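Undergrad: I have a structure here, written as structure tokens, and I will follow up with some questions on it.
The values are calculated or read from the model by the stated rules, or taken from the named source; none is laboratory data. Note that the structure is predicted; figures quoted are calculated from it, not measured. Backbone-built Cβ (ideal geometry, glycine too); neighbour counts: all protein chains shown.
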Amino acid sequence: MDTVHVYVYDGYADWEPAYLMAGLQSPRFQREPGRWQVRTVGARDEPVRSMGGLHVLPDLTWDDVSPADSAMLVLPGGEGWEDDPRHDPAARQARRWLQAGKPVAAICGATAGLARQGLLDQRPHTSNAAAYLRGTGYAGGDHYRDEPAVRHAGLITAGGMSAVDFTREVFAELGVYDDAALEAWYRLYKDGDSRAFAALAEAAEQSRVST
């Protein structure tokens with residue numbers, strides 16, 4: 001079973017990783033049902049409270065996990081990424097993952113954390129706005145793309161308004177669904193197209209028959 005690790009902390013924006021966590025934990029429609037699991041990671045072995053008021057006890061701390069044991073590191077946005085040093089360890093872990101050839105996905109404020117570590121200086125990326133990242137003093141402005149989500153060489157970035165687009169790129173990077181199923185999933189959750197649910201089920205079934 002492959003594990004995707006999601007960073008959780010006081011004030012994290014719980015809705016931003018919600019689509020991807022639910023999709024990974026649910027084998028229905030997946031290309032390889034049951035392959036994926038999600039484990040949360042915190043700075044300490046104690047409960048955190050999300051922006052929405054959820055109390056979460058992290059499964060692991062940074063001492064318990066390494067890139068070798070991970071399929072991806074996900075950094076949700078939330079409070080403090082622009083200037084709070086409490087997130088520096090998470091951003092440094094992102095560097096470890098990328099250096100080990102493991103993908104990293106960051107959304108909203110977490111992109112500022114990566115920028116502060118210099119991880120966006122030479123990589124195509126996006127965020128909440130170009131001006132938002134300029135406030136970090138980073139040197140990657142020429143690589144900024146004004147798009148909902150950007151995926152390049154194992155790094156996924158997105159603005160906080162684009163949780164569905166962010167999730168689509170995560171699923172594409174990991175190969176969770178086949179192409180037709182992923183497109184139907186996106187239509188369902190991005191466009192609210194109820195007809196896409198049947199298309200999603202059909203695409204997933206066709207994928208399993210063909211394999």
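Undergrad: Give the residues of region 58-80 that are touching a His at 6+ places or on another chain (Cβ under 7 Å), assigned to a loop (DSSP other than H, G, I, E, B) and at pLDDT 95 or above, sorted by residue number.
TA: V65, S70
Undergrad: Here are the criteria: (1) at pLDDT 95 or above; (2) surrounded by fewer than 16 Cβ atoms within 10 Å (Cβ to Cβ). Tell me which single one V164 does not satisfy.
TA: V164 satisfies all of (1) at pLDDT 95 or above; (2) surrounded by fewer than 16 Cβ atoms within 10 Å (Cβ to Cβ) except (2).
Undergrad: In addition: For region 137-185, how many residues meet the condition of being without any contact (Cβ under 8 Å) to a residue 60 or more places away in the chain and closer than 13 Å to F29 by Cα? Talk me through it step by step, then tell me what you get.
TA: Quick first cut of region 137-185, residues without any contact (Cβ under 8 Å) to a residue 60 or more places away in the chain only: 137-159, 161-162, 165, 168, 172, 179-180, 182-184.
From what's left, closer than 13 Å to F29 by Cα: 179-180, 182-184.
Qualifying residue count for the region: 5.
Undergrad: I would also like to ask the following. Is it fair to say A112 is in a strand (DSSP E or B) and small (G, A, S)? Show your work before the answer.
TA: Numbers: in a strand (DSSP E or B): no; small (G, A, S): yes.
No; evaluated as a whole, the condition is false for this residue.
Undergrad: I've got another one for you. Is at least one residue of region 120-130 of a type in the set (D, E), part of a loop (DSSP other than H, G, I, E, B) and in the same structural domain as A18 (by TED's automatic domain parsing)?
TA: Yes, that holds for at least one residue.
Undergrad: Does any residue of region 84-107 turn out to be in a loop (DSSP other than H, G, I, E, B), within 17 Å of the chain's Cα centre (by Cα) and surrounded by fewer than 15 Cβ atoms within 10 Å (Cβ to Cβ)?
TA: yes
Undergrad: Additional query: Specify the residue that is farthest from the chain's Cα centre (by Cα); the eligible residues are those in region 1-45 that are surrounded by fewer than 14 Cβ atoms within 10 Å (Cβ to Cβ) and of a type in the set (G, A, S).
TA: It comes out as G34.
Undergrad: Taking region 152-182 only, how many residues are within 9 Å of the chain's Cα centre (by Cα) and not small (G, A, S)?
TA: Matching residues across region 152-182 total 6.
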